[in-house]
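Enquirer: Before we start, here is the structure in question, set down as structure tokens.
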Amino acid sequence: MKKYIYYLLTMLIIACNNETKKVDISVKNLKKYTINQFMDNESVNGGSFSSDKSKLLVTSNRTGVYNMYAVSTKTSEFIPESKSDSSSVFAISYFPNDNRILFSMDDNGNELRHIYMKDSTKVTDLTPYEGATSSFYGWAKNQKSFFFGSNNRDKRFFDVYEMDTKTFQPTLIFENLEGYNFNGISNNKKYLALSKTVNTNDSDLFIYNLADKTFTQINEILSSNTASDFSIDGKYLYYTTDVDSEFSYLMKYNIETKTKEKVLEKPWDITSSYFSYNGKYQITSINEDAKTKVFITDTKTGNEIKLPTFKNGSVTGVGFSRDETQIRFYVGGSNSPYNLYVYNVASKKAKKLTNVLNKDIDPTHMVNSKVIRFKSFDGVEIPAIYYIPHQATKNNKVPALVMVHGGPGGQSGQYYNPLVQYLVNHGYAILAVNNRGSNGYGKTFFRMDDLNHGDKDLKDCIEGKNWLAKQEIIDSESIGIMGGSYGGYMTMAALTFAPDEFDVGVNLYGVTNWLRTLKSIPPYWEAFREALYKELGDPYSTDSIRLRKISPLFHAESISKPLIVLQGTQDPRVLKVESDEIVAAVKKNNVPVEYVLFEDEGHGFVKKENQIIAYGNILKFLDTYLKKTEVSIKQ
């Protein structure tokens, strides 16, 4: 369960090193864009083909709130399928043989998601379970039902159900009594793939026989094991594991003979591998140095299907039509939001369906990121993603921010982030540090922060600051730290336990009291709770002494640098009281502290209106306390 808030970062103006090309942009011609202009970009995701392939069902925030749309594959026209002005609506899928729609929605970020059906006349809540959350697991091969998980019976665990699409009555097919994670179901409906979390890196993998209700454990050695997909005929289970390896590789397990063989290995983690509807193609993704690379192979010939290449852009989000003749995918990068394409396999022609970058923004004014590495205090090499403002030179030094991802165990990647581009456009360099404990760099590196949070991982961030301070284009006297969720904790840890290292802090819904946070974990995290305790500490044991020691709230008297805190009141993970208390504590120090609160957001801000307020306030805060210039931000 390596989750990750994906934050990105920045590169180049005039010449950054021998490996980067020069970008010819005159500082005089470089525009500074308002937050409204940046947030007028569109975010589109998903893409379920209709039965006749004439349209794709997607999710977009073009109105400011996520809604679902039908996109014509011929004309690129967007037709609204929902018109919510409050809670976000996320498209799931068209029905296999008609234009009915499945979608999900919670209540303003409270994470209690329901699955809904929209037909030509009405919307129906298919999982109207009070206080429960439901997740779509996929369509049955015969297209007459779909599978979903729900914690309605026991709020701690997700049972597996099959929903008949004639009666819309769910049938319980697996009662989850011990906290298994659903990984997949075979097309013949004989087997479930289930994993059981042991710690934040490792899990056991099982095949559950639905007929005789028996479990077969696949792995013999404790390791990171995750099912990828069953073969189309249901004879094999493909899964990833890191047994005897730093990185996850792809395996194939023969269900009848109980034998296994290695299928594919790369010098990075293989993160997923799945088959198109009839098994003609296999789609595999690799996390290569904080960037996703996708490979499509013909399962009969083994030949790779080459998609078009895009300058400074990578392909993600690959999905096939049911007849396997068309592909939808997204193209974007650290300097470009992601556009949706449809691709004809036979003609090898791609059609761009969206242009999500605001037309007021010159694409050459965006900044591409690059990967750098620096040595930490103990010699461990730390990877990071670096963004350099176009206007930065040794004669025009710029302030900088160390950015820390969420998690713990997340990863900052080379992906588009509007907040990062906004800050870089306004003259802030950003270094997104993938401190020890980050995902994607091998299991040894991933485990380095276990029971050591707020110590060595914080020192990695400080060494990132020191690396920045040595760069000739950085104002070494103006370096702050920023992060969300666990990154917010790291921000507060830096200001508390290393109060002289950073000049300001930006805390987005960050943990400040580990004792409370770990005790108030949402009930549906029960399957992951023990693993989290193993990594961070058990608040009900003697670990509580260390957890109190590393919790910024109990040492807030040390905070002496300006701070801004941003929080959603609906957040079920980091409770509002966390931010309330740290703000109150810092005020007692007579230290500048600003508090931005959103009544209709959860763990992360998804509404454009709120993002505009949040990011605009962050820039104004930084201009005041880091760049030290009072600036009125145009909204």
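Enquirer: Could you work out how far the C-alpha centroid of the range 574-608 sits from that of the range 280-322, in angstrom?
Expert: Using only Cα atoms, the two centres lie 41 Å from each other.
Enquirer: For L222, L536, write out the residues from largest to smallest accessible area, computed with a 1.4 angstrom probe and no ligands counted. All intermediate terms of the calculation are to be shown ahead of the outcome.
Expert: On the way: L222 85, L536 0 Å².
The ranking, largest first, comes out as L222, L536.
Enquirer: Ignoring ligands, DNA and RNA, what accessible area per residue does the range 249-327 give at 1.4 Å, in Å²?
Expert: Numbers: 4080 Å² over 79 residues.
So the range 249-327 comes to 52 Å² accessible per residue, rounded to a whole number.
Enquirer: Turning to a different aspect of this structure: Restricting to Cα pairs below 8 Å that are 6+ residues apart, what does the relative contact order work out to for the chain? Please round to a whole percent.
Expert: Values: 1608 pairs, mean separation 85.6, N = 635.
RCO, the chain: 13 percent.
Enquirer: Another question, then. My understanding is that a pair violates if its Cα-Cα distance is over 20 Å; which of K375/K628; K32/K627; K83/K141 do that in this structure? The partial results should precede the final answer.
Expert: Numbers: K375/K628 30 Å; K32/K627 15 Å; K83/K141 31 Å.
Those over the limit are K375/K628; K83/K141.
Enquirer: State the label only: which of [x] 24.3, 73; [y] 31.3, 104; [z] 22.7, 75 corresponds to Rg and Dmax of the Cα atoms in Å computed from the shown model?
Expert: [x]
Enquirer: Where the accessible area of the range 393-443 is counted over protein heavy atoms with a 1.4 Å probe, how much of it, in %, is carbon and sulfur?
Expert: Details: 380 of 910 Å².
Answer for the range 393-443 is 42 percent, counting heavy atoms of protein chains only.
Enquirer: Enumerate the calculated ³J(HN,Hα) couplings along the range 470-475 in order (Karplus 6.51 cos²θ - 1.76 cosθ + 1.60, θ = phi - 60°), each rounded to whole Hz, writing x wherever the residue is Gly or Pro.
Expert: Per-residue couplings from phi come out as 8, 7, 5, 9, 9, 6 Hz.
Enquirer: I want the antiparallel fraction of DSSP beta bridges within the chain, as a percent rounded to 5.
Expert: 80
Enquirer: For the range 181-188, just list the computed ³J(HN,Hα) in residue order, Karplus coefficients 6.51, -1.76 and 1.60, θ = phi - 60°, integers in Hz, with x standing in for Gly and Pro.
Expert: Values, residue by residue: 9, 6, 10, x, 9, 6, 4, 7 Hz.
Enquirer: Amide H of Y415: which non-local residues (sequence gap of 5 or more, or other chain) have their own amide H closer than 5 Å, using H built in the peptide plane?
Expert: Amide H neighbours of Y415, under 5 Å, 5+ apart: L9.
Enquirer: So, one more: For the range 481-635, place one equal point scatterer on every Cα, skip the solvent, and apply the Debye formula. What is log10 of I(q)/I(0) at q = 0.08, 0.09, 0.13, 0.15 Å⁻¹?
Expert: Debye curve over Cα of the range 481-635, log10 I(q)/I(0) at q = 0.08, 0.09, 0.13, 0.15 Å⁻¹: -0.23, -0.29, -0.59, -0.78.
Enquirer: At 0.36 nm per residue, minus the direct Cα-Cα distance, what do N97 and T364 gain on full extension? Give it in nm, one decimal, please. Intermediate values should be presented prior to the final figure.
Expert: On the way: separation 267, 0.36 × 267 = 96.12 nm, distance 4.36 nm.
The N97-T364 span can extend by a further 91.8 nm.
Enquirer: Please state, as a whole number in µm²/s, the translational diffusion coefficient that the Stokes-Einstein equation yields for the range 62-218 at 25 °C and 0.890 mPa s, with Rh defined as the Kirkwood radius across alpha carbon pairs.
Expert: Working: Rh = 17.2 Å.
Once the numbers are plugged in, D ends up at 143 µm²/s.
Enquirer: Considering only protein heavy atoms, what per residue accessible area in square angstrom results for the range 492-627 with a 1.4 angstrom probe?
Expert: Values: 4950 Å² over 136 residues.
Ligands and nucleic acids excluded, the figure is 36 Å² per residue.
Enquirer: Out of the total accessible area of the range 509-635 (probe 1.4 Å, heavy atoms of protein only), what percent is carbon and sulfur?
Expert: Details: 2770 of 5360 Å².
Its accessible area is 52 percent carbon and sulfur atoms.
Enquirer: Using per-residue counts of other Cβ atoms within 10 Å, averaged over each peptide, order 431-441, 614-624 from highest down. List each step's numbers first, then the result.
Expert: Numbers: 431-441: 26.7, 614-624: 20.5.
Peptide ranking by packing, descending: 431-441, 614-624.
Enquirer: A further question follows. By how many degrees, 0 to 90 and rounded to 10, does the Cα axis of helix 486-497 deviate from the longest principal axis of the chain?
Expert: Compared with the principal axis, the helix lies near 30 degrees.
Enquirer: Further question on the same structure: Roll a 1.4 angstrom probe over the protein heavy atoms and tell me the percent of accessible area of the range 50-131 that is carbon or sulfur. Please report the intermediate quantities before stating the final value.
Expert: On the way: 1750 of 3650 Å².
Here carbon and sulfur together make up 48 percent of the probe-accessible area.
Enquirer: Now a separate question. Can you list the HN-Hα couplings for the range 158-166, worked out from phi with the Karplus curve (6.51, -1.76, 1.60; θ = phi - 60°), rounded to whole Hz and with x for Gly and Pro?
Expert: In residue order, the calculated couplings are 9, 6, 10, 10, 10, 10, 6, 8, 9 Hz.
Enquirer: Given a cut-off of under 8 Å on Cα pairs at least six residues apart, what relative contact order in percent is computed for the range 213-272? Show your work: numbers first, answer last.
Expert: On the way: 104 pairs, mean separation 14.8, N = 60.
Once normalised by length, the contact order is 25 percent.
Enquirer: Also, I was wondering about something else. Sort 423-430, 101-108 for me by packing, meaning the mean count of neighbouring Cβ atoms within 10 Å per residue, highest on top. Write out the running numbers ahead of the final one.
Expert: On the way: 423-430: 25.4, 101-108: 20.1.
In descending order of packing, they fall as 423-430, 101-108.
Enquirer: Modelled label-to-label distance, V123 and K628, 7 Å Cα→beta-carbon offset: nm?
Expert: The answer from the label model is 5.2 nm.
Enquirer: With axes computed from alpha carbons, what is the tilt in degrees of helix 576-588 against the longest principal axis of the chain, rounded to the nearest 10 within 0 to 90?
Expert: 10
Enquirer: Full extension from D455 to K394: what is 0.36 nm times the residue separation minus their Cα-Cα distance, to one decimal in nm?
Expert: Extra length available between D455 and K394 comes to 18.7 nm.
Enquirer: Here is a further query. Between Y137 and residues 5 or more places away or on another chain, which pairs have amide H atoms under 5 Å apart, with H built 1.01 Å from N, and which residues are they?
Expert: Those qualifying (amide H under 5 Å, at least 5 residues apart or on another chain) are F147, F148, G149.
Enquirer: Please give the direction-averaged projected area of the C-alpha convex hull for the range 157-234, in square nanometres with one decimal.
Expert: Details: hull surface 23.8 nm².
That works out to 5.9 nm².
Enquirer: With a 1.4 Å probe and all protein chains left in place, how much accessible area per residue does the range 47-179 have, in Å²? If you can, show how the numbers build up before the last one.
Expert: Values: 5840 Å² over 133 residues.
So the range 47-179 comes to 44 Å² accessible per residue, rounded to a whole number.
Enquirer: What value, in deg cm²/dmol to 500, does the helix sum -39500 (n - 2.57) over DSSP H runs of n ≥ 4 give at 222 nm once divided by the residues of the chain? Let's see the in-between values first.
Expert: Values: 10 runs with 99 residues, N = 635.
Rounded to the nearest 500, the figure is -4500 deg cm²/dmol.
Enquirer: Can I ask one more? Longer than 23 Å from Cα to Cα, which of K53/K280; K311/K359; K470/K587; K166/K213; K465/K519 are they? Say none if no pair is.
Expert: Working: K53/K280 18 Å; K311/K359 19 Å; K470/K587 33 Å; K166/K213 27 Å; K465/K519 33 Å.
Table pairs above 23 Å Cα-Cα are K470/K587; K166/K213; K465/K519.
Enquirer: Loop-only check: which chymotrypsin sites (Phe, Trp or Tyr not before Pro) in the range 335-398 are DSSP coil with at most 12 other Cβ within 10 angstrom?
Expert: Values: sites: Y338, Y341, Y343, F374, F377, Y386, Y387; in loops: F377.
Qualifying residues, ordered by number: F377.
Enquirer: Computed from the mean reciprocal separation of all distinct C-alpha pairs, what Kirkwood hydrodynamic radius does the range 182-288 have, in Å? Working shown, then result.
Expert: Values: mean 1/r = 0.0720 Å⁻¹.
For the range 182-288, the Kirkwood estimate is 13.9 Å.
The values are calculated or read from the model by the stated rules, or taken from the named source; none is laboratory data. These figures come from a predicted structure and were not determined experimentally. Cβ: placed from backbone, ideal geometry, glycine included. Neighbour counts: every protein chain shown. Each accessible area value is taken on the protein alone, full model and side chains, heavy atoms only, with ligands, DNA and RNA left out. Shrake-Rupley method; radii C 1.70, N 1.55, O 1.52, S 1.80 Å.
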